[in-house]
1. How much length, in nm to one decimal, is gained on full extension between residue B:274 and residue B:439, taken as 0.36 nm per residue of separation minus their Cα-Cα distance?
2. Cα axis of helix B:411-437 to longest principal axis of chain B: angle in degrees, 0 to 90, nearest 10?
3. At 7 Å along the Cα-to-beta-carbon direction for both residue C:7 and residue D:108, put a label point, then send me their distance in nm to one decimal.
4. Just flag the trypsin sites (Lys or Arg not before Pro) in the range A:16-47 sitting in loop per DSSP whose Cβ has no more than 16 other Cβ atoms within 10 Å.
5. Quick one: of B:261/B:398; A:371/B:253; A:372/B:108; B:261/B:343; A:222/E:32; A:304/B:108, which pairs are farther than 26 Å apart, Cα to Cα?
6. For a quick check of your reading of the filter: which trypsin sites (Lys or Arg not before Pro) in the range B:81-120 sit in a DSSP loop and have no more than 14 other Cβ atoms within 10 Å?
7. Between residue B:50 and residue B:389, what length in nm is gained on full extension when 0.36 nm per residue of separation is reduced by their alpha carbon distance?
8. What's the whole-number percent of alpha carbon pairs in the range B:250-332 lying beyond 20 angstrom?
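Laboratory data are not the source of any read-out in this text; all were calculated from the coordinates shown. The model shown is predicted, which means the values in this text are computed figures rather than measured ones. Positions of Cβ are backbone-derived with ideal geometry, glycine not excepted, and every protein chain shown enters the neighbour counts.
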Amino acid sequence: MTAHLPVLQVIIPLLAAPLCALARRGRIAWGIALATSWTTFWIAIQLLARVRSEGPISYALGGWAAPVGIEYRIDLLSAFVLVIVTGIGAVVTPYALKSVEREIEAAKIPLFYAAFVLCLTGLLGITVTGDVFNVFVFLEISSLSAYALIGLGQDRRALTAAFQYLIMGSIGATFIVIGIGMMYVMTGSLNMADLSVLLAELGPNRTIVVAFGFLTVGISLKLALFPLHLWLPNAYTYAPSTVTAFIAATATKVAVYMLLRFFFTIFGVVFSFDVMQLDRVLLPLALIAIVTMSLVAIFQTNVKRMLAYSSVAQIGYMILGISLASVTGLTGGILHLFNHALIKGSLFMAMGCVMYRVGSVEIDAMRGLGKKMPWTMAAFVAGGLSLIGVPLTVGFISKWYLILGALERGWWPVAALILAASLMAVVYIWRVVEVAYFQEGPGEDSSIVEAPLALLIPTWVLVFANFYFGIDATFTTEVAGAAARSLMGLVP
Amino acid sequence: MSPALTLGVAVVLPIVGALIILALGKWPNARDAAGIITAGVLFALVLRLVEPIRAGLRPEYPVLEVLPGVSLSLKLEPLGLVFALVASFLWIVTALYSVGYMRGHHEKNQTRFFAFFALAISGAMGVAFAGNLFTLFAFYEAITLCTFPLVTHHGTPEAKRAGRVYLGILLSTSIGFQLLAIIWTWQLAGTLDFRDGGILAGTASNGVLSVLLILFVFGAGKAAVMPFHRWLPAAMVAPTPVSALLHAVAVVKVGVFTILKVSVYVFGVDLLGTLASTMWLAWVAATTIILGSLVAFTKDNLKARLAYSTISQLSYIVLGALLANEMGIIGGGMHIAMHAFGKITLFFAAGAVLVCAHEKDISRMHGLGRTMPITFGAFFVGALSIIGVPPAGGAWSKWFLGMGTLEAGQVGLLVVLMVSSLLSLVYLLEVPVRAFFSAPPEDAHRGDGIHEAPWPVLVAMVITAVATLALFLYPGPLYELMNMVVN
Amino acid sequence: MEDRLILRVGAKILIPFILMFALYVQFHGDYGPGGGFQAGLIFASAFILYALIFGLDTAKRVLPLGFVWFCGALGVWIFAGVGVVTLVMGGEFLNYDVLAHEPEHGQELGILLVELGVLTTVFGVMVAMFYAFAGRRQVR
Amino acid sequence: MLAITALALVRLRNLFAVAMLAGIYSLLSAGLFTTLDAVDVAFTEAAVGAGISTILVLGTLALVGHEQKKARRSSVIPLVVVVLTGSILVYGTLDMPPYGDPANPAHHHVAPHYLEESEHEIGIPNVVTSVLASYRGYDTLGETTVIFTAMVGVLLLMGGLRKRENSGETDAETRESEDASGSGPVPTHGGSGTDPPKADGKKTHGEGDAHGG
Amino acid sequence: MNVMGLMNYWAFIFLMMVGFYILISQGNLVKKIVGLNVFQTSVFILYISMGKIRGGTAPILTEGDPIYSNPLPHVLILTAIVVGVATTALGLSLVVRIHEAYGTVEEDDIHDLDLAVAGGEDQSFPVSGMDARA
């Protein structure tokens, strides 16, 4: 069966979703989702181990060899992203139980888990596939379920947020389809490996340039690259806590993965960076995103929204890593995929704990929480420190590589900007810390106590991971470095 | 226990102590005893490291590799040992003092206070024994974060504001400059290890390295070189033992220690002397020395005056490092110890006055010397050391610093040192003079409530005062250690 | 709406034909245009027609939401199930060759089954969506 | 024809008309698909665009009203965006192989395999079905899942599964929900005004209006 | 450059852009969805036209008629149509819910209501700058 692991990675959640939907009780659906997420996590780890020892895995679906059929192709980068996505899934699902019961109508809970597992399916499908059209199909699975999940938020603005996301996401998807079509008409192929060979033979021409542009814009919409990020803050703010934690930690990461695939694997470094001069466009955008979005985050009164803006800024870091177009920068970008998933996962989960007890994540609602919910707020502080990039946390590791990459290119102002943005992170994280620890809560509201262990344990698992992979980053850096080298076309 | 392992234990021990303190939170006596015992054991451990150093050993304790080539590792070397000895010894005294102070002042959240105090010491040990720049930076930041709750201990709006300034300046300088400098160093040299003779020689042009030096000096925000000194007076809202810790032991000394260490082991004295920015920075330090002293003059609040005095004194050490010669380094290193003992005595005394007489302002301390003779006596000794006159230890370090300026051919800097000493003579001695020789003010209702401070406070103060004197009489071991640094 | 006799009678005559057409589309998909998706849509539209004319409540008695809902899920299981069967029988996922002794027969069988899965899902989903929209009361 | 329909869509503010026109647009494009030899696509587009989509839009309009307000926003920026995007696309076509040319690379890489081999590899004449269900069967599985996802999403949002089954009858509703959850009463959904008061007086069913339209 | 050979593409691009314009310029949420449909349908036409071979027939194998149009775009578009209708359905259900929550489906009104409630920030759907890099 191990030969079939690549497809099982996607099929198991795909089969679990209808089961969840048919379950009569929320807890049964949850059980299925839990089993699914842990199984997929296990598979992802197996796959990563296999890719590390044996090199890329190819799997021909339906027995039709590429390019006639659809190929699943897992290299180091995709295996790494698989581990990120499933790992977050495996942590978020246990967390979901209580949080979802609090925030979602009981009758809808089985469907909620169905959508949740479908979202996981879509994200995994995007990551393993080696076929560009298949990317689109699974992108839509993950997107549609994400729209529905976001629309479940308690505030009515969740609905408009979901709609806004749906419109912008669909524009993005349609742009991607246009781009794929143009590539197809020039080459006759949909297989990524095949395309990269054919495109290299073809050389740059106007159609390919435009295809490249449309794919870039389409994917950028999905990953909320500044200034196409407008859907993101509302979506993250008003979605249910579990959904925010999951989507913030995975969906944009997979979009960045898509970007890497298209830029590096399909179009190739030479075309993307030498011909298209992509770095000249991406770098300023990334820097603007980092600085302005960090600034905007400072002025938010809703902590989830603040973290959402911070996410847009952090996406800027990843794009910065890509636009450095060097092994070091790319390593930093890929590392930040992993690290930011851990950081934002733990932060949003801590906010979910607050939501569970307090019912609001406005900054005013956090007064005195440092005493009332010490573990929750400690988790928030720990995640915040990681976001800031304090040494021995994962945030530090990715910043290290990004700054190193910038210095290698001799762009010291870029390095300075990265650091300046870290300081802005200090400001917005510290606003919460001050309110939570130095202001007294309103009256003696004894109903607010520490969040239940079912929420705290998963949160702290992620917090722990924040420190573990910050203290011993040799594994992640090694994988990310090897992935970066192979993307750059160097022998790993 | 091998010396290498001792390094690790020295870093971990205060953390264990912090946990014990937290666990014993409900029993104050046991808790405070645990704190003092931990401090004692720590000092004993550090003391055991003197022998290996004398024997020429430089044990290393690699903890783990964080990134390929960048590891968390500890290494014993003389400069770090000096700092560790000072810090661990003064922790015993401060712990003792804090017990009396915190109880006498009826402070809240004492358990939290002592726990973070211990964590800060752990950070100081980590910095002292850091084997490379990364380790140093990690512990440097850890200290910032662990002392933040101490600064904002009272939780008042004023404390919060101070905390913001504190964190803001320390983090911006460390993340904005120091981290950049460290990554840059890594990029240039391919290593972050502290090595004799430095690692940067020949890696880049004079101009680049000059910029790097500037980043390092200003990046050590804890050294309070102007214009990044604002956090230090702001942090005065903290309880006095914190001020003592901040201004004499952990935080500020970490800053200057970093600069010394970077000068010696990253740049190397030889390279440092050739850089264009070295003298420029030395003059920045000199300016800080003079301005700090002048501002101290204008402060009536005793703790504020001491804070500015500290700013001024710290730049002595920075200056010593930047003189880029043996005498300067020796003087700077010795001044770490001398100033630590002197200044902590002054703060202890200031805290005692606050606890017992509830006076903060110098202008209201007339006549207190008669009721609190030991306190003001200790203050006098501390002041002598800061001024740099015999029979206090400060005389030695200032002597070597003065020699350093001459060796560097900078008579101007020598003049700065002289002037600053004169200024400190006036602004520090004003306090005991008023206390002993002036009559109490008319409106002060003295007599009934005021008495000498609680015994732990007094004992602590006397110990540091005596140590200050002892350092004048026996500077040999200290000099020997510092001499090893430069040779 | 219950009194529109012509409509009701007309629909009763029409609906079987639509259903037959749907089956034709399903099974003729190998030879001409059509297939599971289109057939599912036609199936669903036949039923939606029924619901429009006889009322939603009647329709829901004939096909309860739970049932169409089950259909939607079942179709995915049929499709993916075929894939799992091929896995178990030693082929790659969705490699129908292994379903029968000769690859060609295997392919035909496999295609038939997956088209059936598509039909089931599309039918279930379309009717369920129709229920969801139609069953909603207007606000204000 | 298509262009006229599309342009009319921009200007029309009666949404029923818009829905019908969109359906017509789909039908017209279905016709176009037939002339482009894509009979399967034409069939599907007719069924989906003119059928399901139109029904869904009409069903929605029955619930939300059918007059569009005049927008306050300026339409200049969208126009600029659109013109820019369009010009870029046109620029992109400049190197595209000409329409209908058999020599196009798209027709010479994978497609011939389907056309030539499917007869003995799959054994059914409709190549589109062969590709759809076998060569690229996995895409179709994904497609089925997308549809399923849409159902999950719609039912999640519209809550049509067990709630509101018997519209208007509150006792039935509670019974249903108890049945569904199995764990006590359903918590009230929503914080700040998610569920506005239900206007029970107006019991117009969606299908009635859709039918009338 | 065979301009005539490209005219077809340009016509379809024009249709696409009309749909795109409806999508991003209209404030009515239903109309946005309709616009999305038109946009996507036109993209489908463009795709299918890429697969057309002059003089070809539908790719259903028969005796003795050797030129078939390219079947692959057809398959892709079949999938895309289904995805499109799924998006439409989900979007419309959101519209219905928005109408229930806000009492309107006009973007401007919703924006005003949100502002009135929360004093929140700009939540309109600007799409400008989208193709700065295309």
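1. Separation in residues times 0.36 nm, less the Cα-Cα distance, equals 53.8 nm.
2. With rounding to tens, the tilt is 20 degrees.
3. Distance between the two pseudo-spin positions: 5.8 nm.
4. Qualifying residues, ordered by number: A:24, A:25.
5. Pairs exceeding 26 Å: A:371/B:253; A:304/B:108.
6. When the trypsin sites (Lys or Arg not before Pro) of the range B:81-120 are filtered for loop state and at most 14 Cβ neighbours within 10 Å, B:108 remain.
7. 119.2 nm
8. Tail of P(r) above 20 Å: 34 percent of Cα pairs.
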